[in-house]
């Protein structure tokens, strides 16, 4: 849509590419609170889930981590991890490799 083409975002392709932790920004829990996600009756995800996904990506180091691998490691549903990846990408906690 032409209306949104100037927005600084991109659609996530199916099967998010490998991502690395950036190590930037405020604490994840602080951002969750600042953006008032904690005030939603049913937030898209819990801060603890976001933290576990981010920690797993951080542990992967510079090679990055693919969402499906993180899901297997944490025994999470892949869609849950992809939602976390979208949020973490949005706020700059992770970046795509390559």
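Every number here is computed from the coordinates shown, using simple stated rules; none is lab data. A quick note: this is a predicted structure, and the numbers were derived from the prediction, not measured. Virtual Cβ from ideal backbone geometry, glycine too; neighbours counted across all protein chains shown.
Which whole-number percentage describes the relative contact order of the stretch 15-96, with Cα contacts under 8 Å and a sequence gap of 6 or more?
48
In nanometres, what is the gap between the two model label sites at residue 68 and residue 95, each 7 Å from Cα along Cα-to-Cβ?
2.6
What distance in nm separates the simple spin-label points at residue 45 and residue 75, each placed 7 Å from Cα in the Cβ direction?
Those two pseudo-labels are separated by 1.9 nm.
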